[in-house]
Amino acid sequence: MKDIKKNAQMYYSQRAVLYDPHQKKYLLVKENTLKIEKGAWQFAGGRVDADENLEESFAREVAEELGDVTYRVIGPLSGVCVPYHDELYGVIMSYLVMYESGEIVLSNEHSECKWVSAEDILKNKKIDQWVKDAIRKAEGQLELIGAYDGWKRTLADFDNYKKRQSENQKEFVAYAAGGVISDILPVLDNFHAATDHIPEDAKDNPWVTGIMYIQQQMEKVLEEHGVVKIEINIGDEFNPHTMEAIKKDGDEKLKEDLKIEKIAQPGYKIGAKILRPARVVLG
């Protein structure tokens, strides 16, 4: 580039390198003010007014030149000084902008617009070099964004995999332990049958105290393995998923609309798995 003349005028402008991720193309607009063919196809954007900041200027120019479109600014790409003639130079800052939605409506500053692939832009001899340089940098940023997004998806997939494996492991342990625990429950029932009817004058007997301690140990071990008693109270509604109804003497059939009159045998579960339904008498 030739040296800038001492009295040359300078202006600062911003350009939106608008990229549509669905088409994988960039938006170029053709300026009416540029009479020559080369340089007519550029990016949307314009000058920064003296009384506004860069962010306000960018939003205003995009709205004026492209209409009510939704977009997301990714970041700056490059800055370049472009000579229009010997006494006028433009300092152009370009930004990678991700197009999201909205119809492109051009202002009267432009005669037409088109979505073009990076490959077609780079091989077009009628497009200025600074436009091509911005496209190259945009392609580099998009490649990094794609790699980063791919890494995040992989990390999320791996995290979900670990969670699924953890849940599967818990489920496996629960089902594997279920058979052994089911065999232990009748033993616990026998302890309860023995300790629930201890006479008052025998409760302080050392032998009875030892039996009670063993019973409590068994209950604690089961609890540590996630085994809990199914909570049922007299007067509750019958639940066929967690209960098994037994007939009273003289009943010909069970009526499911009856309430629980007696808990004949407690039920147990581990997680969502029912190890043994509670046996109840309805009345």
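The values are calculated or read from the model by the stated rules, or taken from the named source; none is laboratory data. It should be emphasised that the depicted structure is a prediction, and the values quoted were computed from it without experimental measurement. Cβ: placed from backbone, ideal geometry, glycine included. Neighbour counts: every protein chain shown. For accessibility, only protein heavy atoms count, side chains too; no ligands or nucleic acids. Shrake-Rupley method; radii C 1.70, N 1.55, O 1.52, S 1.80 Å.
Stretched out straight at 0.36 nm per residue, the stretch from A156 to Q216 would grow longer than its current Cα-Cα span by 17.2 nm. Packing, as the average of other Cβ atoms within 10 Å across residues, places the peptides 262-275, 68-81 in the order 262-275, 68-81, highest first. For the set K25, K163, K229, the ranking by accessible area, highest first and with no ligand, DNA or RNA atoms included, is K163, K229, K25 under a 1.4 Å probe. Computed over protein heavy atoms with a 1.4 Å probe, the carbon and sulfur contribution to the accessible area of segment 174-241 reaches 57%. Site pair E64 and T209 shows an inter-label distance of 9.4 nm when each label is modelled 7 Å from Cα along Cα→Cβ. Compute the signed sum of charges (Lys and Arg +1, Asp and Glu -1) over the other residues within less than 11 Å, Cβ to Cβ, of G46. Around G46, the charge tally is -3.
The Cβ shell under 14 Å around L155 holds other residues with a net charge of +1, Lys and Arg each +1, Asp and Glu each -1. Annotation: peptides 118-125, 54-61, ranked by per-residue average of other Cβ atoms within 10 Å with the highest first, follow the order 54-61, 118-125.
Under the 0.36 nm per residue contour assumption, what length would be gained going from the current alpha-carbon distance of S182 and A147 to full extension?
On the way: separation 35, 0.36 × 35 = 12.60 nm, distance 5.18 nm.
Net length gain for the segment: 7.4 nm.
Which order do V208, V228, V180 take by accessible area at a 1.4 Å probe, largest first? Can you show the working numbers first?
Numbers: V208 15, V228 65, V180 90 Å².
Accessible-area ranking of V208, V228, V180, largest first: V180, V228, V208.
What order do you get for 148-154, 12-18 when each peptide is scored by the mean count of other beta carbon atoms within 10 Å, highest first? Numbers along the way, then the final one.
Working: 148-154: 10.0, 12-18: 22.3.
Highest-to-lowest ranking by the protection proxy: 12-18, 148-154.
With a threshold of 25 Å on the Cα-Cα distance, the over-threshold entries among K24/K163; K24/K137; K162/K220; K30/K125 are K24/K163; K162/K220. Taking a straight Cα-Cα cut-off under 18 Å and skipping sequence neighbours fewer than 8 places away in the same chain, the aspartates and glutamates within cross-link reach of K247 are D236, E237, E256, D257, E261.
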